[in-house]
Amino acid sequence: MRIILIVWAGEICIFRPMKIGCFVLLGIFLAGTADLHACSILYYVDPSNGKIYVANNEDYWYDAKAYIQIEPASGKEHARLWYGWEKFAQGGVNEHGLFFDAAVTPRQEIPEGFSNPNGRNVGDEILALCKNVEEAIQYLEKEKIAVSEGHMMLGDGDGKAVVLEWVKGEIRVVRMQENYLIATNFLLSETKPADIECPRYKSIEERVKRLNAGEAEVDLRAVGNAIGGAVQVPREDESGRVGGTLYSSFMDITEMKFVLVPRLDNTQIVSLDLKEEFAAGKKRKIRLQ
C-alpha cells in the first residue's frame, strides 16, 4: 500500500461571545442554520515551552445522548477517556497522551481492501492499543480501516500531529509542519493553503497566529478560545429538531487536564484531572445533559 506524505499546517473555523466568565468565551457561527458537518479540531504546541493543547467542537443533533467514557488500563490496554454517543468514540485521549478526533469531509474513494469502521469502535481501539501517532497510523493500516466521508486527526505527547485522509484510493498523511494543525471539513491534501476559503478555518488560524505572536498568555483557556469562532449556535430544522455544537472539548495533553462544555453552556462544565482518573483504575460513564 502506497502512503503519500504531505507536509503542511493549518485549517479553519469561527467564534463570537455567548457566555462570559467561566472557562472559555464561547462564540456563535452566525449562519442561517446550524451546520451539523462543521466540526473543528486544533492541536497546538506552545512554541515557548513545548506544552501541548487540543481543542475541538463537535457539531451534531442536540438529542444525541452524548457521554464521556473512562476506561482503566487492563492487560495490554491503556487507560483512556473518550467522548461520543451510541457506543462510538468521536474523540479522546489515553494515558500516554495519544489524542484523536475526526471531522466530516466530502465522500472519497478509499483504498482497495480497506473499509469503513462499520460498527467497530475504532477510536477506542486506537486509544487502548497505541501510544503515539506512528503506532496509530500503523494500526489503522494493519486493520485496513479507512473513512470514506471524513478525515482523522492524531496527536501525541511528543508534539507530533497528523491528519489522515483516504482520497482517490490512497492513504494520505498530512503532517504538522509548524506548531499547530487544524482540521475542519475540507480535504487538506486536496487544498492549497492559498485556496482555503473556509471562514471557520481562517478564524482559527488567525487566533493561533495571535497566540504565536505573544498577544496573550498561552494556556488551556487561550487555546480553547482559538476555536471560539467555529461553534454553531443551536437552531431548529423544518421538523423542529435542534442541532448545533453538541459539546466543545479542551485538553492540556502535557498536564493531562480535560474540560468539556456541553451545548455551549458554561454552567455544565465537566473538568477532570486525567492523571487522577487513570490512576483510580475505575471504569465510569459521565452523561452529558
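The values are calculated or read from the model by the stated rules, or taken from the named source; none is laboratory data. Worth saying up front: this structure is predicted, and the values here are computed from it rather than measured. Ideal geometry is used to build each Cβ from the backbone, glycine not excepted, and the neighbour counts take in all protein chains shown. In case anyone asks, the SASA skips ligands and DNA or RNA and just uses the protein heavy atoms, side chains included. Shrake-Rupley method; radii C 1.70, N 1.55, O 1.52, S 1.80 Å.
What longest range of the chain stays clear of loop-exposed GluC sites (Glu not before Pro) (DSSP non-H/G/I/E/B, at most 16 other C-beta within 10 angstrom)? Longest site-free region, per DSSP loop and neighbour criteria: 1-85. When the chain is described by a simple charge dipole with +1 on each Lys and Arg Cβ and -1 on each Asp and Glu Cβ, the residue from Ile52, Cys198, Gly214 located farthest towards its positive end is Ile52. Just one of [x] 1.07; [y] 1.38; [z] 0.93 is Cα Rg over 2.2 N^0.38 Å calculated from these coordinates, so which is it? Answer by label: [z].
Heavy-atom surface analysis with a 1.4 Å probe gives the chain a carbon and sulfur content of 47 percent of its accessible area. Return the loop-located trypsin sites (Lys or Arg not before Pro) in segment 228-289 (DSSP other than H, G, I, E, B) with at most 12 other Cβ atoms within 10 Å of their own Cβ; answer none if there are none. In loop regions of segment 228-289 (DSSP not H, G, I, E or B), the sparsely surrounded trypsin sites (Lys or Arg not before Pro) are Arg241, Lys282, Lys283.
When nucleic acids and ligands are ignored and a 1.4 Å probe is applied, Cys198 ends up with an accessible area of around 20 Å².
Rolling a 1.4 Å probe over the protein heavy atoms leaves Lys142 with an accessible area of roughly 130 Å².
Ignoring ligands, DNA and RNA, what accessible area per residue does the chain give at 1.4 Å, in Å²?
Computed with neighbouring chains in place, this is 44 Å² per residue.
Give the ranking of His78, His96 by solvent-accessible surface, highest area first, calculated with a 1.4 Å probe.
Correct descending sequence by accessible area is His96, His78.
Excluding same-chain neighbours fewer than eight residues apart, the lysines reachable from Lys168 by a Cα-Cα span under 27 Å are Lys142, Lys144, Lys160, Lys192, Lys202.
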